[in-house]
Amino acid sequence: MQQPVLQKEICYLKGVGPAKAKLLQKLGIETVGDLIACYPRDYRDLTVHTPIAAAPFDETCCIKATVTTPAVERRLSGGRTLYTLTAFDGQTEFRVLFFNTKYAAQALRRGETYLFYGKVSGSLLKRELVSPTVYTVEQASSLLPVYPLTAGISNKVMNTLVKNAFATLSEPLGDPLPQNLRIAHRLMGLDEAVKAVHFPKNREEMLQARRRLIFEELFLLQLALRRLKGRSRGVSSLTVQRDFTPEFWQSLPFTPTAAQRRVTDECFGDLQSGVPMNRLVQGDVGSGKTAVAAALCHSVALNRLQCAVMAPTEILAQQHYETFTKFLAPFGIRTGLLTGSTKAAEKRQFLADLADGTLQVAIGTHALLEDAVQFCSLGLVVTDEQHRFGVAQRSRLAAKGQDPHLLVMSATPIPRTLALIIYGDLDVSVINELPPGRKQVATYAVPTSYRPRVYEYIRKFLSEGQQAYVVCPLVEESEENPSPLTAAVDYQKQLQQEFPDHQVGLLHGKMRPKEKEQIMSRFAAGQIHILVATTVIEVGVDVPAANIMVIENAERFGLSQLHQLRGRVGRGDHAAATVLISDAKGEIAAKRLQVLKETNDGFRIADEDLKLRGPGDFFGARQHGLPPMKLADLLTDTKELTAAAAAADTLLRTDPALGKAEHAGIRREVERLMARVGQG
């Protein structure tokens, strides 16, 4: 009877009406089970007390002190009210201030001792606490959970609701992990762990509870990804008999790198294995992934099979179409392009040629997923910029053939361990070498006071017939979102005044797709000289004449993102430069920018980025399609990740279908997770 209670809407709980339910939805809490699975993000340790004289300024600490004077009320301008009282910690008397919170201030009694939890401010000789959280001395012996919150839902409310949720449960939570697995890895039972993570008796119990829940999360994720990986790996009738890559490499006007040849050989091994290829090719900006994809399309087409190449934007699809046509036309291989802009007559011809097999390589955007797109003999599917497409979109394109081979490409370097987790349904190949002659992009980090000199630097490039990117983190400032950050809209106007003889364009994510395509096409054609943009140019068309990039408020971007942006320049024969403008202070900000100045190696940068920011920020807005982790951290929980991966492999060796009775709970959770991953 436990499951129905967990599945009941959150309004079922005492103390939750429609208004509160709406607020809880913002936290992803819609059912009683969601609330119980909303684990604390941190804990307040009230067992450690700091004398206020020794407390560092602006750092949160817990001060045990006795109230010496009752709260005094004082009216302030703007309708605010200040309540001030004094307290003594046994060594020092200090002030405690509350704004507009009469109840909180007047609830504190003179002569009573409390725990004041907050940040110390004031001066060395006159310290004070502003609006601290106050606890009773009885609460000093416990760790207090700190939950994810939203406006209108306080930590106290969350704590009460979680207690109410547990009170509704009539029996222990069902544990998906069988007892032998828990014993082997010394794990708490699920019911014990969930209660302990919300209401730990001590730090050791909290850590053990978290370890159990983190292990389960990573274990189930590993199983889900491994099953996705093996789901369509049956025998393929699309074995590519003959390898034509040697003649393809000979036809190129350049010599492929050893890394390009190695990765192509790895892919070709898949094509001839009798099992559908399911491979990710990672390569840094400019490493030559497109040539590898073209080499495979060349051999597949000459083996009388068709290829589909899907790109995230029209302009990137157009660029691929031109590149593939140049590579493949000399061999008599026909290439076609389908995007949202393709005219009706051209689209009809494209669809007809594709269906009868006279069109061998179809290149396009999401338009390739339309039902009208039918292949005669689809043998290879290539998706570019993998993080823009989820598993479901790859699958929809692959479903247009009979278990075709699948190649996905990404220019976003990801540390190998993390790649194996995130792209767990794929084999991974890395092009870790740049073509000879590829120029390094000179990188400089300067404060905003250098902006006039930066303008002169841009002028130098423009005078030589080059073009410039200027990247901003905001589109426009507003009264609702006032910000010191440079706004793209204002910056474009400013630069147009600074460079009156040059055309300054603007490109940002709020524009309609057609507008973006038009702006980027004009920039590629040289009609726009300076392009002010947000990060929509991170993945985009090659503009060989664009050889200087200025990035405003560089501290606002991740290292890998900055590296991707930098990769937009230096695509031609001219020397290129990137200027990072930032006034950010602090050791981490300086270290991040220093890494970019020191290296152009995207994989080293990715490692540093991961160390400095963690995977949550590393991937931006959950681009990688993984379900969000409740507790696990793919960067710091490496020990649990390794153990969970080994346990998943062991289990699948003995029960590949998870069909045994003792694995029913695991199978249910894995299927639920697979559905969520597949929607990515």
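Observations on the model:
- Test result for Leu337, at pLDDT 95 or above, of a type in the set (A, V, I, L, M, F, W, C) and outside any helix (DSSP H, G or I): yes
- Of all residues making up the stretch 1-54, the number that are of a type in the set (S, T, N, Q), in contact with a Leu (Cβ under 9 Å, 6 or more places away or on another chain) and assigned to a loop (DSSP other than H, G, I, E, B): 1
- Residue match in the stretch 254-273 (condition: more than 32 Å from the chain's Cα centre (by Cα) and within 28 Å of Met520 (Cα to Cα)): yes
- Any helices (runs of 4 or more DSSP H) falling wholly within the stretch 414-520 and containing at least 1 residues that are at pLDDT 75 or above and not hydrophobic (A, V, I, L, M, F, W, C): 451-463, 488-498
- Criterion applied to Tyr103, Tyr83 was being without any contact (Cβ under 8 Å) to a residue 12 or more places away in the chain and either aromatic (Phe, Trp, Tyr) or surrounded by 13 or more Cβ atoms within 10 Å (Cβ to Cβ) (or both), and the one residue passing it is Tyr103.
- Residue check, Asn164 of a type outside the set (Ser, Thr, Tyr), touching a strand residue (DSSP E or B) at 6+ places or on another chain (Cβ under 8 Å) and either modelled with pLDDT of 85 or more or under 18 Å from Ala632 (Cβ atoms) (or both): no
- Wholly within the stretch 126-239, strands (runs of 3 or more DSSP E) carrying at least 2 residues that are under 20 Å from Gly28 (Cβ atoms) and touching a residue at least 40 places away in the same chain (Cβ under 8 Å): 143-146
- Residue that is surrounded by the fewest Cβ atoms within 10 Å (Cβ to Cβ) [pool: residues in the stretch 31-59 that are touching a Phe, Trp or Tyr at 6+ places or on another chain (Cβ under 7 Å) and at pLDDT below 90]: Arg41
- Taken over the stretch 248-261, the criterion of being in contact (Cβ under 8 Å) with a residue 12 or more places away in the chain, over 13 Å from Ala293 (Cβ atoms) and part of a helix (DSSP H, G or I) is satisfied by Trp249, Ser251, Ala258, Ala259, Arg261.
- Against the conditions (1) farther than 30 Å from Asp175 by Cα; (2) in contact (Cβ under 8 Å) with a residue 60 or more places away in the chain; (3) surrounded by fewer than 20 Cβ atoms within 10 Å (Cβ to Cβ), Ser273 satisfies every one except (2).
- Breaking point among (1) among the small types (Gly, Ala, Ser); (2) at pLDDT below 85; (3) closer than 16 Å to Val454 by Cβ, for Ala554: (2)
The values are calculated or read from the model by the stated rules, or taken from the named source; none is laboratory data. Remember, it's a predicted structure, so these values are computed and weren't measured experimentally. A quick note on method: Cβ atoms are made from the backbone with ideal geometry, for glycine too, and the neighbour counts reach across all protein chains shown.
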